[in-house]
Amino acid sequence: MSKEGFLTLLGAVFLGALGQISIKAGVMHLKESFGENLSIPLILQNPVRVLLSPWILGGFTAYAFSSLIWLTLASRYRLSLIYPMVAMGYVFVVLGSIVVFHDRPTVYTWIALTFIVVGVSLLAKTGG
């Protein structure tokens, strides 16, 4: 995989992670607004309010762009090479959650993140 392809792949994965963080921010805001956790019945009773929430809409937009980029990657590279790279999304989400939500990962989370980064690096370096 070329350097450009790898960076494009990381960009797609990053956008997916950004979507997760944005949706989490949106549901936290809606939880305050509704006074309760979101549930399927609550979402179905208020679909416009939920889906047009700026953070949730932003999250879905990030997913949409990530999906468009993924289409281009899937047409160029073996799925067995590019799909494992999606694991980097977990790394991005944990790091983003620390910054945005002040999450405090355990030592086991850090160990797992290290394994993910090492594994993805090996795949990228060896071409899967």
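Picking from Leu57, Leu73, Leu123, which residue would you name as being touching a Gly at 6+ places or on another chain (Cβ under 9 Å), more than 24 Å from Ala25 (Cα to Cα), hydrophobic (A, V, I, L, M, F, W, C) and surrounded by 13 or more Cβ atoms within 10 Å (Cβ to Cβ)?
Checking each option against the conditions leaves just Leu73.
Say whether the condition of being surrounded by 18 or more Cβ atoms within 10 Å (Cβ to Cβ), more than 20 Å from Leu123 (Cα to Cα) and out of contact with any strand residue (DSSP E or B) (no Cβ under 7 Å at 6 or more places or on another chain) is met by at least one residue in region 30-41.
Yes; the residues of region 30-41 include at least one that is surrounded by 18 or more Cβ atoms within 10 Å (Cβ to Cβ), more than 20 Å from Leu123 (Cα to Cα) and out of contact with any strand residue (DSSP E or B) (no Cβ under 7 Å at 6 or more places or on another chain).
Using the structure shown, decide if Val100 is part of a helix (DSSP H, G or I), under 23 Å from Glu4 (Cβ atoms) and of a type in the set (Val, Ile, Thr).
For Val100, the condition - part of a helix (DSSP H, G or I), under 23 Å from Glu4 (Cβ atoms) and of a type in the set (Val, Ile, Thr) - is not met.
Being in contact (Cβ under 8 Å) with a residue 40 or more places away in the chain and in a helix (DSSP H, G or I) is the filter here, so list the residues in region 68-81 that pass it.
Ile69, Trp70, Thr72, Leu73, Arg76, Ser80, Leu81
Suppose we keep only residues that are at pLDDT 95 or above and not β-branched (Val, Ile, Thr) within region 104-120. Which one would you say is farthest from the chain's Cα centre (by Cα)?
Checking each candidate, the answer is Tyr108.
Right, Ile43: farther than 27 Å from Leu95 by Cβ and either hydrophobic (A, V, I, L, M, F, W, C) or in contact with a Pro (Cβ under 9 Å, 6 or more places away or on another chain) (or both) or not?
yes
Exactly one of these conditions fails for Ser97: (1) modelled with pLDDT under 95; (2) under 14 Å from the mean Cα position of the chain (by Cα). Give me its number.
(1)
Looking only at region 9-39, count how many residues are hydroxyl-bearing (Ser, Thr, Tyr) and at pLDDT 95 or above.
Looking only at that region, the number is 1.
If you go through region 40-57 one residue at a time, do you hit one that is at pLDDT 90 or above, within 26 Å of Val117 (Cα to Cα) and assigned to a helix (DSSP H, G or I)?
Within region 40-57, not a single residue is at pLDDT 90 or above, within 26 Å of Val117 (Cα to Cα) and assigned to a helix (DSSP H, G or I).
Could you please tell me which pairs satisfy a Cβ distance under 6 Å, a separation of 6+ or placement on different chains, a first residue in region 18-38 that is in contact (Cβ under 8 Å) with a residue 60 or more places away in the chain, and a second residue that is of a type in the set (Val, Ile, Thr) and in a helix (DSSP H, G or I)?
Gln20/Val93; Ile21/Val100
The values are calculated or read from the model by the stated rules, or taken from the named source; none is laboratory data. Nothing here was measured: the structure is a model prediction, and the numbers come from that model. Counting neighbours? That spans all protein chains shown, and the Cβs are built from the backbone with ideal geometry, glycine included.
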